[in-house]
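*Asks:* Take this structure, written in structure tokens, and hold onto it; I'll ask about it next.
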């Protein structure tokens, strides 16, 4: 069966407008030339900060206007296959979440592959997280309620960041929200091998992983912080939320990761969305996109209760 026949009709309408089927150097250059617009919310104040040290890493802090005291914090990592994207992509998310849940959002502008392969992007994400943790008092962040979230490649980075934070023992994370995370470079699963996948094809996935892993790609020397599906020990990680669509090439690896988190004793909530392909969130008016946003927000609300 053609996998596009499995798509939810509302989602299918949205994704057919995409200008490319598979990512390559030319498409990456085109996408990067169109910077996602910054979206300002009347209920949220933002501050851009250049972190001390080299190389340059930027973060954007989102805070509900008029909020006082120490608030929970969501540290967010944008998607884009490790090769495109901007922290501007989190503006709309935090414009909604910050006032709704009374939290601070921190978005990181990490360096992109292939110009900066692993571990550069993950190092940038760790630097931003460390900065938020070290400056919690000044930022009004409750350290005991600091967690991470990421979507797609950002979800892969978030999963890798949770593993790295566990291993280093410097930053105790309260939760990890992994939205259709990009976890497994090996592409051995049934779902990752399907042809004709919408938005993020098998070929695009190969391109993204090859760009991110650089000279490591195709070898057995890939650290689990680069490809979290390779991690054998998932103990000691924070509670997790994993979500993915049933017509997403990441379906099998995401479900497997959620199950292994659960087997390791990590409280894990798994959500599957029938008829949803990768990037279904762009179909903002679809019932599936609205439901997934509610599910993530409800889970976050439970994690950040004082």
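No value in this document is a laboratory result; all are computed from the given coordinates. Because the structure is predicted, anything quoted here is derived from the model rather than measured. Using ideal geometry, Cβ is built from the backbone for each residue, glycine included, and neighbour counts are taken over all protein chains shown.
*Asks:* Give me the Kirkwood hydrodynamic radius of the chain in Å, from all C-alpha pairs, to one decimal place? All intermediate terms of the calculation are to be shown ahead of the outcome.
*Replies:* Details: mean 1/r = 0.0519 Å⁻¹.
Taking the inverse mean of 1/r over all distinct Cα pairs, the chain comes out at 19.3 Å.
*Asks:* Where is the GNM fluctuation largest for the chain (alpha-carbon springs, 10 angstrom cutoff): 109, 269, 170?
*Replies:* Maximum among the listed residues: 170.
*Asks:* So if we plug the beta-carbon distance of residue 298 and residue 26 into 1/(1 + (r/R0)^6) with R0 = 51 Å, what FRET efficiency do we get, rounded to 0.05? Write out the running numbers ahead of the final one.
*Replies:* On the way: r = 41 Å, r/R0 = 0.80.
The formula returns an efficiency of 0.80 here.
*Asks:* Which whole-number percent is the relative contact order of the chain (Cα, under 8 Å, 6+ apart)? Write out the running numbers ahead of the final one.
*Replies:* Working: 609 pairs, mean separation 58.2, N = 306.
Answer for the chain is 19 percent.
*Asks:* In nm, to one decimal, how far is the residue 6 label point from the residue 58 one, both placed 7 Å along Cα→Cβ?
*Replies:* It works out to 3.9 nm between the two label points.
*Asks:* While we're on this one: Between residue 262 and residue 290, what is 0.36 nm times their sequence separation minus the Cα-Cα distance? Round to one decimal in nm. Present the calculation step by step, with values, prior to reporting the outcome.
*Replies:* Values: separation 28, 0.36 × 28 = 10.08 nm, distance 2.62 nm.
Fully extending the segment from residue 262 to residue 290 adds 7.5 nm.
*Asks:* Under the Kirkwood approximation for Rh and a Cα-based Rg, what ratio Rg/Rh is obtained for the range 212-306?
*Replies:* Values: Rg = 15.4 Å, Rh = 15.0 Å.
With Rh from the inverse mean 1/r over Cα pairs, Rg/Rh is 1.02.
*Asks:* Just from its helices, what would the mean residue ellipticity at 222 nm be for the chain, if runs of 4 or more DSSP H residues each count -39500 (n - 2.57) and the sum is divided by every residue, rounded to the nearest 500 deg cm²/dmol? The partial results should precede the final answer.
*Replies:* Details: 9 runs with 103 residues, N = 306.
Result for the chain: -10500 deg cm²/dmol, rounded to the nearest 500.
*Asks:* Hey, how many Å between the Cα centroid of the range 102-166 and the Cα centroid of the range 21-42?
*Replies:* 21 Å
*Asks:* I need the calculated FRET efficiency for the pair residue 134 and residue 188, taking r as the beta carbon distance and R₀ as 41 Å, to the nearest 0.05.
*Replies:* On the way: r = 40 Å, r/R0 = 0.97.
After rounding, the FRET efficiency stands at 0.55.
*Asks:* If one puts a single equal scatterer on every Cα of the range 1-66 and applies the Debye formula without solvent, what log₁₀ I(q)/I(0) results at q = 0.17, 0.22, 0.24 Å⁻¹?
*Replies:* -0.92, -0.99, -1.04
*Asks:* Relative to the longest principal axis of the chain, what angle (0 to 90°, nearest 10) does the C-alpha long axis of helix 287-303 take?
*Replies:* Taking the Cα atoms of the chain, the angle to 287-303 is about 40 degrees.
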